[in-house]
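Colleague: Please see the structure below; I have some questions.
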Amino acid sequence: MALGLPVAVAACSSTTSTPTTTSGGGSTTSSAASTAASFSCADAPASAVNAALGTSVGAPSTQNNGSVTVCTYRSTTPIQTVIIRVDTGSSAGTFAAEKSQASMGGQTVTAVTGVGDDAYATTLSGGGFTTNTFAVRVGTAEVQVSGPGTPDHTQAYAVALVHKV
């Protein structure tokens, strides 16, 4: 059951705080995460994700690590995974490193101009699944949306979310 998750998702942060995880949209964070993050998976409920990407995923599990929040939404019928990664403490250098890591992971990275301070898109296909990722940075806010939605849908949702951060 290969879901083709993008490499950039693994590059959460260089912060050394202890990550915390919840399921079902809960909101538990470590003290370092709660002081740094201004984004919660509640800001991207499954209903909004499904409307934006044309998916049928359920409530997210949440992982917080310093300024990074990762929301993972899953469904089994059909098999779908959507990952939204928000970093409220990003920088141009961090974003460039993540873009480079995606490229080194075998993904074709397409620079997107005119969106935020920097943006890129990737598409990864394998095992009968296609995952589109769109990443955008505005100031210190960075949003990556990865999932089976079309490239246009992942871009539109990432851009909408980055302006909520």
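Every number in this text was worked out from the coordinates using simple rules, so none of it is lab data. Predicted model, so just to flag it, every value in this text is computed and none were measured. Positions of Cβ are generated from backbone atoms using ideal geometry, with glycine treated the same way; all protein chains shown enter the neighbour counts.
Colleague: Set the Förster distance to 35 Å, then compute FRET efficiency between Ala111 and Thr77 from the Cβ-Cβ distance, nearest 0.05.
Modeller: On the way: r = 36 Å, r/R0 = 1.03.
Computed FRET efficiency for Ala111 and Thr77: 0.45.
Colleague: Rank these for me by crowding, Ile79, Ile84, going from fewest to most other beta carbons within 10 Å. Display every interim value, and only then the final one.
Modeller: Working: Ile79 13, Ile84 25.
Ranked by crowding around the Cβ, least crowded first: Ile79, Ile84.
Colleague: What percent does the relative contact order of the stretch 20-162 come to when contacts are Cα pairs within less than 8 Å and at least six residues apart? Display every interim value, and only then the final one.
Modeller: Details: 316 pairs, mean separation 28.3, N = 143.
Relative contact order for the stretch 20-162 comes out at 20 percent.
Colleague: Name the shape class, rounded, prolate or oblate, that the alpha-carbon gyration tensor gives for the stretch 20-162, where a ≥ b ≥ c are the square roots of its eigenvalues, rounded holds for a/c under 1.5, and otherwise prolate holds if a/b is larger than b/c and oblate otherwise. Before the final figure, lay out each step's value.
Modeller: Numbers: a/c = 1.63, a/b = 1.04, b/c = 1.57.
Oblate, because a/c is 1.5 or more while a/b does not exceed b/c.
Colleague: Among 46-52, 108-114, how do they line up by average Cβ neighbours within 10 Å per residue, starting with the highest? Intermediate results must be reported in sequence, preceding the final value.
Modeller: Values: 46-52: 17.0, 108-114: 11.4.
Most protected by this proxy first, the peptides run 46-52, 108-114.
Colleague: At what distance in nm do the modelled label points of His163 and Asp43 sit from each other, each positioned 7 Å from its Cα along Cα→Cβ?
Modeller: According to this spin-label approximation, the distance is 1.4 nm.
Colleague: Within a Cβ distance under 10 Å of Val165, other residues only, what is the Lys/Arg minus Asp/Glu net charge? Each step should come with its number before you reach the end.
Modeller: Numbers: positive: Lys164; negative: Asp43, Asp87, Glu142.
Around Val165, the charge tally is -2.
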